[in-house]
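The structure appears below as structure tokens.
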Amino acid sequence: MKPDSYEPLEWYDLKLLILPKFLYLIFLTINFSSSVFASPENLAKAQPHQQKRISPRSCDLNQIENFLNQHLEQSPDLISPLTIIAKNLKVDKKFISRYFRDLCQKIVAKRLSYKKDCYLDSLKQCCNEVEQVTKMLFKQGEYPTED
């Protein structure tokens, strides 16, 4: 009996069919039993230890929103990155970004603005120091060079 619609297998389909048989033959050749790999202890060891995902139903969204609003109202030098905020709330960063997109964008913008201001202030301070050293050298009668 022939199926109504016959489609030839692609090369990757054939590999998927051959691979388990090939592995089984290798295991037989080196006298491994499949029970060694499928034991509950070995399966438990193979799984990575991850934090359990918190469901949005199990956490208080109002409490998280209040925390984010309070964090946003703090002075700019105390604003933490979203990853640290998420760790403090014991939720994933993607979770707070998904449910509180506007607040997160405001927090990130305020933090970036503060970091930019700090960078510009340090740059101005360096320029002032260079200017003071240059003036001091002029007063001593020396011409500053790059050397």
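The numbers here are math on the coordinates, done by the rules we state, and not lab data. Just so it is clear, the structure is predicted and the values come from calculations on it, not from any experiment. Counting neighbours? That spans all protein chains shown, and the Cβs are built from the backbone with ideal geometry, glycine included.
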Checked pairs for the stretch 119-140, first touching a residue at least 24 places away in the same chain (Cβ under 8 Å), second surrounded by 10 or more Cβ atoms within 10 Å (Cβ to Cβ) and of a type in the set (S, T, N, Q), C-beta under 6 Å and 6 or more apart or across chains, list as none
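Residues checked against (1) surrounded by 13 or more Cβ atoms within 10 Å (Cβ to Cβ); (2) among the polar types (S, T, N, Q); (3) in a loop (DSSP other than H, G, I, E, B); (4) touching a strand residue (DSSP E or B) at 6+ places or on another chain (Cβ under 9 Å):
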residue: Ser80; (1), (2), (3), (4): yes, yes, yes, no
residue: Asn88; (1), (2), (3), (4): no, yes, no, no
residue: Ile96; (1), (2), (3), (4): yes, no, no, no
residue: Cys104; (1), (2), (3), (4): yes, no, no, no
residue: Arg111; (1), (2), (3), (4): yes, no, no, no
residue: Lys116; (1), (2), (3), (4): no, no, no, no
residue: Ser122; (1), (2), (3), (4): no, yes, no, no
